[in-house]
Amino acid sequence: MAGQFRSYVWDPILIVSQIVLMQNVYYGSLGLWLALVDSLVQSSPSLDQMFSPEILGFSTPPGRLSMMAFILNALTCALGLLYFIRRGKQCLDFTVTVHFFHLLGCWIYSSHFPSSLTWWLVHAVCIALMAVIGEYLCMRTELKEIPLNSTPKSNV
């Protein structure tokens, strides 16, 4: 079909590569946020901060700081959706996929399914923030005007 603006051909290689890229963005930025938070309170970094459901909590300062890092990571990953996914319709799909693989990683790391209410609340808020802000940013770029005049303007 000639003259079509965007092709809707199912491309599994593109989808898988975008999933892998978003996982890298998720864990890379989460690692940076956790390192920044740890440097502020002179704490030693640990994989437990990323994958242990028991770390997140309101009762301890490290738990609150880890929750803050997860929230900031959702905002950073929304920018990843803007730059790498670029489709508002796909933001929720990729957000849920990233967090589903994080759930599996937490389950494997801690050898039990996350049952902490705080863990589920933090990740529900992160999913909502990442999807809504990512979709908003993508929709802004999708709705930009397309210039119809391709010839340069002359100053006569």
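The values are calculated or read from the model by the stated rules, or taken from the named source; none is laboratory data. If you're wondering where the values come from, they're calculated on a predicted model, not measured in any experiment. Positions of Cβ are backbone-derived with ideal geometry, glycine not excepted, and every protein chain shown enters the neighbour counts. The protein model used for the area step is the full one, side chains on, heavy atoms only, and it has no ligands, DNA or RNA in it. Shrake-Rupley method; radii C 1.70, N 1.55, O 1.52, S 1.80 Å.
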*trypsin sites (Lys or Arg not before Pro) lying in DSSP loop within the stretch 1-103, provided at most 10 other Cβ fall within 10 Å*: Arg6
*Exactly which GluC sites (Glu not before Pro) in the stretch 107-145 are in a DSSP loop and have at most 13 other Cβ atoms within 10 Å?*
Glu145
*Accessible area of Leu104, 1.4 Å probe, to the nearest 10 Å²?*
60
*Furthest towards positive pole of dipole, Cys106, Ile127, Leu92, structure part the chain, Cβ charges*: Leu92
_Solvent exposure of the stretch 18-156 as accessible area per residue, Å², 1.4 Å probe_ = 61
*Where does each of Asp48, Asp93, Asp38 land when they are ordered by accessible area, with a 1.4 Å probe and the largest first?*
Asp93, Asp48, Asp38
*Ignoring ligands, DNA and RNA, what percent of the 1.4 Å accessible area of the stretch 12-138 is carbon and sulfur?*
74
*Give the distance, in whole Å, between the Cα centre of the stretch 13-65 and the Cα centre of the stretch 78-156.*
17
*With the convex hull built on the Cα atoms of the stretch 72-124, state its orientation-averaged projected area in nm².*
4.0
*Using the C-alpha gyration tensor of the stretch 12-138, what are the square roots of 5 times its eigenvalues, in whole angstrom, with the largest one first?*
24, 15, 13
